[in-house]
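Presented below is the structure to which this report refers.
The values are calculated or read from the model by the stated rules, or taken from the named source; none is laboratory data. For clarity, every value in this text was computed on a predicted model and none was experimentally measured. Glycine also receives a Cβ, built like all others from the backbone with ideal geometry; neighbour counts cover every protein chain displayed.
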Amino acid sequence: MSEFYVSEKRKMIFYKQQIKTSLSRRLIVAVSVALLVSQTFLYSLGIPLMASGVHPESHSGLLPPAFELSQGGTNHGSGQPEGPVKHPSEGALPGAVTQSAIQPTALTNDINKGLLILVNKQHAVDKEYKPSDLTAIKYYAEDRSPSSRYMREEAAQAFNQMSEAAAQEGYTIVVTTAYRSYEFQTQLYNNYVNTYGQAAADTFSAQPGKSEHQTGLSADVSSPSVHYELTKKYIDTAEGKWLNDNAHKFGFIIRFPLGKEDITGYMYEPWHVRYVGKTAAEEIYTKGITLEEYWDSYLKTME
C-alpha cells in the first residue's frame, strides 16, 4: 500500500466522519427540541434522550489503527502523524473511534481494545510502548527466555485454551517466544543482520519497533515433533496442521501465510500466530487473507 494511497484514504475517511458527525449532532438537537415541547412525553420516557447510551465521544464509524490519528503522536496540526505512533500503555488503539454505546459489536470491542492493531514494515510502535496487562502463559518451551513467556491478558488466556484443546486431541503446542521488548528485538534483529545480511534478515525478522511481538499479541509456537524449532516443516506435522486449521477458533490467525509474502513482507511462517479476537480471526481464516487485506477490505466498506 503506497504512502500516497494511505494519505488520500485517510483524508477521505476523516472528512466523511466529520460530515457524519455534524449531521448526527444536528439530528440529536432537532429531536431533543421536539421532545422538550412535550413534558408529558419526556416523563413517559423516564430518561432524556442523551442518556440512552450514546457516548459523547462516539462516532458513526471506525477507523483502523493504520489510518487513525494518534492522540499520543506528534501531529503539529498537519493531520498526519510524524514518526512512529505512540500507543497508550493499556494497549488500546490511539484515538480509537467507537460506534454507539447502545449496541456495541464484538468487532467494535476488539478494535477498541487494540486487538487488531496493525504493526508491520510500514507501521511502527514507539520504542517505549509496553502493554500494561502482560500475563504469563501456562504452556511454553522451557529452554527459552522466561521474559518472553507473556502476552496481553486476553491473548494469553486464549492461547492457554488453544493449547489445552490441542492437548485433548494428543498434540503439544507451546510458546517459544511471545512478548519482546524493543531492546530485545533490537538485539535479535542486529544478530540476524550480522549473520545473514540485512536483505535476508528483513525477510524473516522485523526491525525494532516494527515487530508485532512488542504488542504482546503475537507468539512463535512449536512442538516436540520438530524439537521446538521454528521451521517451515512445522506445517507438515500433525501439530502444525491442527494449529493451521483451528487457531481461528480461539481468536488467532497465521500471521504470515504462504503465498502472501508480497503483502506481509515476510516469508511463510506456519509457527507465527497473532491474536485478533474471534470475530476477525474467523473472517480472515475463511477468506484466506492477511491482516493487511482485512483492513483494506474494511476501508472499502467505509466508502
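Would you mind stating whether GLU164 is of a type outside the set (Gly, Ala, Ser), farther than 24 Å from VAL276 by Cβ, assigned by TED's automatic domain parsing to the domain that holds VAL273 and part of a helix (DSSP H, G or I)? Break it down stepwise before answering.
Working: of a type outside the set (Gly, Ala, Ser): yes; farther than 24 Å from VAL276 by Cβ: no; assigned by TED's automatic domain parsing to the domain that holds VAL273: yes; part of a helix (DSSP H, G or I): yes.
The answer is no for GLU164.
Take ALA124 and decide whether it is touching a residue at least 40 places away in the same chain (Cβ under 8 Å), of a type in the set (A, V, I, L, M, F, W, C) and within 26 Å of TYR171 (Cβ to Cβ). Can you show your working first?
Details: touching a residue at least 40 places away in the same chain (Cβ under 8 Å): yes; of a type in the set (A, V, I, L, M, F, W, C): yes; within 26 Å of TYR171 (Cβ to Cβ): no.
Here the answer is no, as ALA124 does not meet what is asked.
So ILE263 ticks every box in (1) closer than 19 Å to HIS123 by Cα; (2) in contact with a strand residue (DSSP E or B) (Cβ under 7 Å, 6 or more places away or on another chain) but one. Which box is left unticked?
Exception for ILE263: condition (2).
Out of curiosity, is ARG180 surrounded by 19 or more Cβ atoms within 10 Å (Cβ to Cβ) and touching a residue at least 12 places away in the same chain (Cβ under 8 Å)? Steps first, answer last, please.
Working: surrounded by 19 or more Cβ atoms within 10 Å (Cβ to Cβ): yes; touching a residue at least 12 places away in the same chain (Cβ under 8 Å): yes.
It is true that ARG180 is surrounded by 19 or more Cβ atoms within 10 Å (Cβ to Cβ) and touching a residue at least 12 places away in the same chain (Cβ under 8 Å).
What pairs come up if the first residue lies in the stretch 195-223 and is over 24 Å from TYR139 (Cα atoms), the second is part of a helix (DSSP H, G or I) and acidic (Asp, Glu), and their beta carbons are under 9 Å apart, counting only those six or more places apart or on different chains?
THR203/GLU261; ALA206/GLU212; PRO208/GLU183
Quick test of your reading of the structure: PRO131 fulfils all but one of (1) over 22 Å from LEU230 (Cα atoms); (2) modelled with pLDDT under 95. Name the failing condition by number.
(2)
Say we look at the stretch 175-192 and pick out the residues that are in contact with an Asp or Glu (Cβ under 9 Å, 6 or more places away or on another chain) and among the hydrophobic types (A, V, I, L, M, F, W, C); which of these is nearest to LEU134 (Cα to Cα)?
Residue satisfying both the conditions and the ranking: ALA178.
Considering only residues of the stretch 120-171 that are among the polar types (S, T, N, Q) and exposed (fewer than 15 other Cβ atoms within 10 Å of the Cβ), which is nearest to ILE263 (Cα to Cα)?
Residues of the stretch 120-171 among the polar types (S, T, N, Q): 120, 122, 132, 135, 145, 147-148, 157, 160-161, 163, 168.
After this cut, where a residue has to be exposed (fewer than 15 other Cβ atoms within 10 Å of the Cβ) as well, the list is 122, 132, 145, 147, 161, 168.
Details: GLN122: 11, SER132: 30, SER145: 31, SER147: 30, GLN161: 30, GLN168: 35 Å.
Per the stated criteria, the residue is GLN122.
Of these, PHE184, PHE159, which one is closer than 23 Å to ASP126 by Cα, of a type in the set (Phe, Trp, Tyr) and part of a helix (DSSP H, G or I)? Before the answer, list the steps.
Working: PHE159 fails: closer than 23 Å to ASP126 by Cα.
Of the residues listed, the single one that is closer than 23 Å to ASP126 by Cα, of a type in the set (Phe, Trp, Tyr) and part of a helix (DSSP H, G or I) is PHE184.
Kindly evaluate THR172 against the criterion of being outside any helix (DSSP H, G or I) and either under 20 Å from the mean Cα position of the chain (by Cα) or assigned by TED's automatic domain parsing to the domain that holds GLY265 (or both). First the steps, then the outcome.
Working: outside any helix (DSSP H, G or I): yes; either under 20 Å from the mean Cα position of the chain (by Cα) or assigned by TED's automatic domain parsing to the domain that holds GLY265 (or both): yes.
Yes.
In the stretch 168-177, which residues are touching a helix residue (DSSP H, G or I) at 6+ places or on another chain (Cβ under 6 Å) and of a type in the set (A, V, I, L, M, F, W, C)? Reasoning before the result, please.
Taking the stretch 168-177 and keeping what is touching a helix residue (DSSP H, G or I) at 6+ places or on another chain (Cβ under 6 Å), we get 171-173, 177.
Once the filter is applied, which keeps residues that are touching a helix residue (DSSP H, G or I) at 6+ places or on another chain (Cβ under 6 Å) and of a type in the set (A, V, I, L, M, F, W, C), the stretch 168-177 yields only ILE173.
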